[in-house]
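Accompanying notes for the structure given below.
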């Protein structure tokens, strides 16, 4: 079957790419699972953190090429996605940390909105079928062969695949392989937006939380890498909460900047990373005061970190297709009409809606360029 555009994977970025493409462009989204948008349903603990009111790309996103982000977010902003939802009678409210969440608190409303707009925009959707191979054929088109044996021809291909994390919903590293098959560089990938294990046993304060001042530090260099004030959750051998999820993103950007291999990075993490935490007494429970021996003169604790929790538990994957391999339309510099957007790219935002905004913005920029290219041809 011939299409103008084949979009690989029906996640937030893939579905929104199909929505933003011109209505007259012949297009299809291919999905590996039996249903589209599974990870969309899980966003914001199924409440859908659709964006954030306070976005500064250089502050809130992590990648090896932050300047790249300025162009993308200038073309499609948090205000643009809010207008999209308003046009579709989807009510969005602002909550703590400026995050934007569906007023209904039900991510099914978000997916229903996306699927309705996809259908209205004449975009086909094929589920339970996956891409085994992409190759460029003589006429400059791409041939896409799926596990069912179907063959598609397309002028443009958009790879909107998720990362390695969240195996439960069939996430894979296929998107990275698709890039590498065309000699497109992929940076090291790691679990992020996840819990972090500690060397200390914290079972006596397990499932106790408190609002704290936290510093994430490199003991070797005596350097504060990241700091934040927000609740933290203690468990037996790990800590959690939004600020820890953010630590997991920051840590890998930092480790990547040190140019370490995966094994070297894991060792560096275990040997040198720690949390310096100040727990104001007014915020501390009796169990925290007793366990950490807190009093008027001592409100600070030190936790040595060991490792991240597994990819299975991580909400996202850090790293991915190198931004230096893409132009500011999300198109490969080496391979014309081959695009990458969403989580498969080396861009990860903090928690609180930043990652879905990256999906919307990168998808819009992709579609905008394909639309302009189609009009010129």
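The values are calculated or read from the model by the stated rules, or taken from the named source; none is laboratory data. Here the structure is a predicted model, which is why all the values come from computation and not from measurement. Backbone-built Cβ (ideal geometry, glycine too); neighbour counts: all protein chains shown.
Could you list, in sequence order, the residues of segment 106-128 that are outside any strand (DSSP E or B) and in contact with a helix residue (DSSP H, G or I) (Cβ under 8 Å, 6 or more places away or on another chain)? Of everything in segment 106-128, those that are outside any strand (DSSP E or B) and in contact with a helix residue (DSSP H, G or I) (Cβ under 8 Å, 6 or more places away or on another chain) turn out to be 106, 107, 108, 110, 111, 113, 114, 115, 117, 118, 121.
Of all residues in segment 228-250, those that are farther than 16 Å from residue 279 by Cα have Cβ atoms under 7 Å from Cβ atoms of residues that are modelled with pLDDT of 95 or more and assigned to a helix (DSSP H, G or I), 6 or more apart or on another chain, in 236/203. So for segment 296-319 (the condition being part of a helix (DSSP H, G or I) and under 30 Å from residue 270 (Cα atoms)), does at least one residue qualify? The answer is no, given that none of the residues of segment 296-319 is part of a helix (DSSP H, G or I) and under 30 Å from residue 270 (Cα atoms). Say whether the condition of being in the same structural domain as residue 176 (by TED's automatic domain parsing) and surrounded by fewer than 17 Cβ atoms within 10 Å (Cβ to Cβ) is met by at least one residue in segment 280-303. Looking through segment 280-303, none of the residues is in the same structural domain as residue 176 (by TED's automatic domain parsing) and surrounded by fewer than 17 Cβ atoms within 10 Å (Cβ to Cβ). Restricting attention to segment 87-122, the residues that are surrounded by 14 or more Cβ atoms within 10 Å (Cβ to Cβ) and either on the phi > 0 side of the Ramachandran plot or not assigned by TED's automatic domain parsing to the domain that holds residue 39 (or both) total 3.
For the structure I just gave you, tell me whether residue 322 is surrounded by fewer than 22 Cβ atoms within 10 Å (Cβ to Cβ), at pLDDT 95 or above, assigned by TED's automatic domain parsing to the domain that holds residue 69 and under 24 Å from residue 269 (Cβ atoms). Yes: the conditions hold for residue 322. Would segment 245-268 turn up any residue that is loosely packed, with under 15 Cβ neighbours inside 10 Å, farther than 30 Å from residue 159 by Cβ and either at pLDDT 90 or above or out of contact with any strand residue (DSSP E or B) (no Cβ under 6 Å at 6 or more places or on another chain) (or both)? Within segment 245-268, one or more residues are loosely packed, with under 15 Cβ neighbours inside 10 Å, farther than 30 Å from residue 159 by Cβ and either at pLDDT 90 or above or out of contact with any strand residue (DSSP E or B) (no Cβ under 6 Å at 6 or more places or on another chain) (or both). Screening residue 320 on (1) within 32 Å of the chain's Cα centre (by Cα); (2) at negative phi shows it passes everything except condition (2).
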